[in-house]
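First comes the structure, then the notes that go with it.
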Amino acid sequence: MVRLQDGEKLPDALRDLGAFGMVACGVGMLRDMVFGFWDGKRYREERVSEPVELLSLQGNIGEGPEGVVVHLHVVVGREGGAALGGHLLSATVHNTAEILVVEVPGVRLRRRPEPTGLLGLYPEGVEGGGAPG
């Protein structure tokens, strides 16, 4: 369980954890958020500067060819009840965020380039069934 403070950055704070696993859920508030929609060639970015409620956060933290890859999807609520969602590219924590990261013993979460331009997830079993090292 990770609690982020006002001003911390996502996904950077999760990249810096030193842990790999599934982001099972997250609640709190965000601001200065950039989320994206993959159009088949690139992420089309949408920006939301005002504070929003973090209603749902899920994804994974894996190992890519150039280091840690944090893949997150988000649903946020604006004042008045409108909801927005997409792939979370960046955000600043507003007040706090509480995020559950679940490590998966015996599984290494690898990311590899695919013809789509995305990094696909390729889970691999780790010999001995212990935590990946």
For the range 20-44, which residues satisfy the criterion of being loosely packed, with under 15 Cβ neighbours inside 10 Å and closer than 21 Å to Glu114 by Cα? Phe37, Trp38, Asp39, Gly40, Lys41, Arg42, Arg44
Among the residues that make up the range 87-100, is at least one of them closer than 28 Å to Glu127 by Cβ and of a type in the set (A, V, I, L, M)? yes
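Let's see how each residue does on (1) among the aromatic types (Phe, Trp, Tyr); (2) modelled with pLDDT under 95; (3) under 16 Å from Trp38 (Cβ atoms):
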{"position": "Val69", "(1), (2), (3)": "no, no, yes"}
{"position": "His94", "(1), (2), (3)": "no, no, no"}
{"position": "Ile99", "(1), (2), (3)": "no, no, no"}
{"position": "Glu103", "(1), (2), (3)": "no, yes, no"}
{"position": "Gly120", "(1), (2), (3)": "no, no, yes"}
{"position": "Pro132", "(1), (2), (3)": "no, yes, no"}
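The values are calculated or read from the model by the stated rules, or taken from the named source; none is laboratory data. Small disclaimer: the values here were computed from a predicted structure and weren't measured. Cβ sites come from the backbone with ideal geometry, for glycine too, and all protein chains shown count toward neighbours.
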